[in-house]
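Working notes for the structure below.
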Amino acid sequence: MKICVRGGHTELCTGASALINELTEDRKVKDSVCKYLRQLGHNVLDVTPPVNYTNSSSADLAYGVNKANNCGSDLFISIHFNKCYDSYNGALGTETCVYSENEYGKRIVNALSGLGFKNRGQKIRVDLYELRRTAMKSMIVEVCFVEATKDVELYNKLGPDKIGKTIAEAVANKSTNGSANM
């Protein structure tokens, strides 16, 4: 399967920041997702805009979407981190935003909740550019909340490599050791 993976936001169109920084962390998770999807035999294209690409959020979003559409991708995954409050003492969890429910989004939130994150499920979001404009199944993975103390504690304990591996294995529906995930 051909899969396009994008790290959310750019240096000039920054994302959420609190206890951790979305831009820094989504790149780490994105790199891990790409690495493990390739190990699982998928053709992976990183469609993250280059450093300091633009200060226009629409151009930032269009970069990854256009690359994915132009290469004939089967799946588009955009890695993000959520923020709702200035600070939050506790856990808020993980979710996937999708245009319409799909098995990939379900498997990802279930797998991440298996690591200990609260499962917020799939959220239908027909208003989001990346989901509206991609020509293939797509999702935005909101790993956890950058301001939630328990989310960040768990994220730091697990590390971005483990989280990326978990996302990749959920997409492929098998583990990197070759066994099927059920």
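The values are calculated or read from the model by the stated rules, or taken from the named source; none is laboratory data. Treat the numbers as computed from the prediction; the structure is a model and nothing was measured. For neighbour counting, all protein chains shown are included, and Cβ atoms are generated from backbone atoms with ideal geometry for every residue, glycine included. The area values use the complete protein model at the heavy-atom level, side chains included, leaving out ligands, DNA and RNA. Shrake-Rupley method; radii C 1.70, N 1.55, O 1.52, S 1.80 Å.
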When residues of region 1-23 are filtered for being within 16 Å of Val47 (Cα to Cα) and either part of a helix (DSSP H, G or I) or of a type in the set (D, E, K, R) (or both), how many remain?
-> 4
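Table: residues versus (1) open to solvent by less than 10 Å² (accessible area, probe 1.4 Å); (2) in contact (Cβ under 8 Å) with a residue 60 or more places away in the chain; (3) over 25 Å from Thr10 (Cα atoms).
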position: Cys84; (1), (2), (3): no, yes, no
position: Ala91; (1), (2), (3): no, yes, yes
position: Glu101; (1), (2), (3): no, no, yes
position: Ile108; (1), (2), (3): yes, yes, no
position: Lys118; (1), (2), (3): no, no, yes
position: Glu153; (1), (2), (3): no, no, no
Exception for Asn55 within (1) among the polar types (S, T, N, Q); (2) open to solvent by 10 Å² or more (accessible area, probe 1.4 Å); (3) at pLDDT 95 or above falls at (3)
So how many residues does region 40-58 have that are over 18 Å from Asp26 (Cβ atoms) and either in a helix (DSSP H, G or I) or among the hydrophobic types (A, V, I, L, M, F, W, C) (or both)?
-> 2
Look through region 122-151, keep the residues that are within 14 Å of the chain's Cα centre (by Cα) and within 12 Å of Gly93 (Cβ to Cβ), and return whichever of them is most open to solvent (accessible area, probe 1.4 Å).
-> Lys123
Given the structure, is Tyr63 open to solvent by 20 Å² or more (accessible area, probe 1.4 Å), over 18 Å from the mean Cα position of the chain (by Cα) and either hydroxyl-bearing (Ser, Thr, Tyr) or at pLDDT 95 or above (or both)?
-> no
